[in-house]
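Visitor: My questions will all concern the structure given below.
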Amino acid sequence: MYLVMEMVNGKGVAIPLVMKTLGLIGGLSWFSTSVYYRTINQLTNERLGGSHSAKLLLYSVDFNEFKILQEKDDWEQIEIMISGIAKRLEDAGADCIVMCTNTPHLVADVIQQKINIPLLHVAEETAKEIVRRKVSKTGLLGTKFTMENSFFTDRLSKFGIDTVIPEPEDRDFIHASIFNELTKGIFKQETKTRYLDIIEKLNRVGAEGIIFGCTEISLLINQGDCHSIVFDTAAIHAKAAVDFALPGNSL
């Protein structure tokens with residue numbers, strides 16, 4: 001496959017296009033996975049033009065199996081399950097692993113130790129974007145696993161970013177809404193209103209930006225709904241995947 005990169009002496013010079021293969025772990029939930037799939041392919045086409053789309057392998061899990069293990073707080077079994085999937089994708093030819101959701105990154109470091117290709121960590125890629133936007137304090141929304149464990153906030157801290165999370169009652173509401181509504185494709189106006197109220201509370205305690213630390217949240221609210229800067233982890237993570245797959249082909 002060739003891509004005309006520039007004109008030399010009036011002639012198009014064709015340069016071999018090297019596109020890496022992405023290994024996506026999806027189904028957690030399939031709604032957010034569809035956002036990743038669409039975004040990755042759209043960005044790839046924007047950069048390369050023509051009829052180009054991304055090279056990727058997608059392993060989509062049964063979300064109910066994952067949800068049951070989460071409810072049991074059985075992260076050891078979750079890690080074993082996802083590590084096995086990551087290894088299968090590596091063996092099938094993937095050049096990196098992208099988990100198409102935030103919460104499973106709780107075990108990302110252990111998974112990385114068991115494979116020989118990079119795992120693109122959603123929190124690290126988000127931190128890079130926050131630094132690029134010159135924001136130093138953010139509010140974090142997500143499942144209780146994401147808000148209350150340190151795997152996300154520790155990554156942010158390494159980049160000099162302070163993080164605040166909602167009050168306990170608000171964390172309970174967000175967590176329940178994610179599993180009872182958003183992952184099922186249910187998006188209620190009253191839920192949106194409550195989220196915006198929670199974001200305003202975080203702004204009042206100094207949050208300059210808000211991290212959508214659950215990939216389904218961006219299906220409920222967007223930047224236009226918020227006064228502060230929104231960091232949509234799904235969009236940021238998907239762009240990082242395309243940057244990895246197309247080194248040197250950014251526009």
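Visitor: For the chain, set up a Gaussian network in which alpha carbons nearer than 10 Å are linked by springs, and say which option among 214, 226, 96 fluctuates the most.
Guide: 226
Visitor: What order do you get for 185-192, 78-85 when each peptide is scored by the mean count of other beta carbon atoms within 10 Å, highest first? Could the numbers behind the result be given before it?
Guide: Working: 185-192: 12.4, 78-85: 18.6.
So the peptides 185-192, 78-85, ranked by packing, come out 78-85, 185-192.
Visitor: Sticking with this one: How much length, in nm to one decimal, is gained on full extension between residue 71 and residue 133, taken as 0.36 nm per residue of separation minus their Cα-Cα distance? Display every interim value, and only then the final one.
Guide: Details: separation 62, 0.36 × 62 = 22.32 nm, distance 3.57 nm.
Taking 0.36 nm per residue and subtracting the Cα distance, the gain is 18.7 nm.
Visitor: Sequence-distant or interchain residues sharing an amide H contact under 5 Å with residue 231, placed H: which?
Guide: 210, 211, 212
Visitor: Working from Cα positions, state the angle (0 to 90°, nearest 10) between the long axis of helix 233-245 and the longest principal axis of the chain.
Guide: Rounded to the nearest ten degrees, it is 20.
Visitor: Another question about this same structure. Which is farthest toward the positive dipole end of the range 18-99 among 19, 58, 77, measuring Cα position about the Cα centre, with Cβ charges +1 (Lys, Arg) and -1 (Asp, Glu)?
Guide: Positive-most Cα among the choices belongs to 19.
Visitor: In addition: Counting helices only, and only those DSSP H runs with n ≥ 4, report the 222 nm mean residue ellipticity of the chain as the sum of -39,500 (n - 2.57) divided by its residues, in deg cm²/dmol to the nearest 500. Present the calculation step by step, with values, prior to reporting the outcome.
Guide: Working: 10 runs with 117 residues, N = 251.
One gets -14500 deg cm²/dmol as the mean residue ellipticity at 222 nm.
Visitor: If you take the C-alpha gyration tensor of the range 159-198, multiply each eigenvalue by 5 and take the square root, what semi-axes do you get, largest first, in whole Å?
Guide: Output for the range 159-198: semi-axes of 22, 12, 10 Å.
Visitor: Could you give the length gained by full extension between residue 116 and residue 159, i.e. 0.36 nm per residue of separation minus their alpha carbon distance, to one decimal place?
Guide: 12.9 nm
Visitor: Right, something else. Treating cross-link reach as a plain straight distance, find the lysines whose alpha-carbon is under 25 Å from the alpha-carbon of residue 188, omitting any fewer than eight places away in the same chain.
Guide: 67, 144, 201
Visitor: How large is the Kirkwood hydrodynamic radius of the range 123-232, in angstrom, based on all distinct alpha carbon pairs?
Guide: Kirkwood radius, the range 123-232: 13.7 Å.
Visitor: May I pose another question? Give the aspartates and glutamates reachable from residue 114 as a straight Cα distance under 16 Å; neighbours fewer than 8 places away on the same chain don't count.
Guide: 76, 79, 90, 91, 95
Visitor: Where a Cα-Cα gap under 16 Å defines reach, which lysines qualify for residue 20, not counting those fewer than 8 residues away within the same chain?
Guide: The reachable lysines, counting only those whose Cα sits under 16 Å from residue 20, are 55, 239.
Visitor: For residue 42 paired with residue 172, estimate the spin-label separation in nm (one decimal), with each label point 7 Å from Cα along the Cα-to-Cβ line.
Guide: The modelled label-to-label distance comes out at 3.7 nm.
Visitor: Just to be sure I understand: of the beta bridges DSSP finds with both ends in the chain, what percent are antiparallel, rounded to 5?
Guide: Of the beta bridges lying entirely in the chain, close to 20 percent run antiparallel.
Visitor: Find, among the chymotrypsin sites (Phe, Trp or Tyr not before Pro) in the range 133-171, those assigned to loop by DSSP (not H, G, I, E, B) with at most 16 other beta-carbon atoms within 10 angstrom.
Guide: Taking the range 133-171 and a limit of 16 other Cβ atoms within 10 Å, the loop chymotrypsin sites (Phe, Trp or Tyr not before Pro) found are 159.
Visitor: Continuing with the same structure: Please list 104-116, 120-132 highest first by mean number of surrounding beta-carbon atoms within 10 Å per residue. If you can, show how the numbers build up before the last one.
Guide: Details: 104-116: 17.2, 120-132: 20.2.
Taking the mean over residues of other Cβ atoms within 10 Å, the ranking is 120-132, 104-116.
Visitor: Turning to a different aspect of this structure: Can you tell me the 0 to 90 degree angle between the C-alpha axis of helix 168-180 and the longest principal axis of the chain, rounded to 10?
Guide: 50 degrees
Visitor: Moving to a separate point now. Note down the relative contact order for the chain as a percent, whole number, built from C-alpha pairs under 8 angstrom at least six residues apart. Intermediate results must be reported in sequence, preceding the final value.
Guide: Values: 400 pairs, mean separation 55.3, N = 251.
Relative CO of the chain lands at 22 percent.
Visitor: Could you give each residue of the range 109-115 its phi-based ³J(HN,Hα) in whole Hz, using Karplus coefficients 6.51, -1.76, 1.60 with θ = phi - 60°, and x for Gly or Pro?
Guide: Per-residue couplings from phi come out as 5, 5, 4, 4, 5, 9, 10 Hz.
Every read-out reported here was derived from the displayed coordinates using simple, explicitly stated rules and does not represent laboratory data. Please read these numbers as outputs of a predicted model, since none were measured by experiment. Note that each Cβ is placed from the backbone with ideal geometry, even for glycine, and that neighbours are counted across all protein chains shown.
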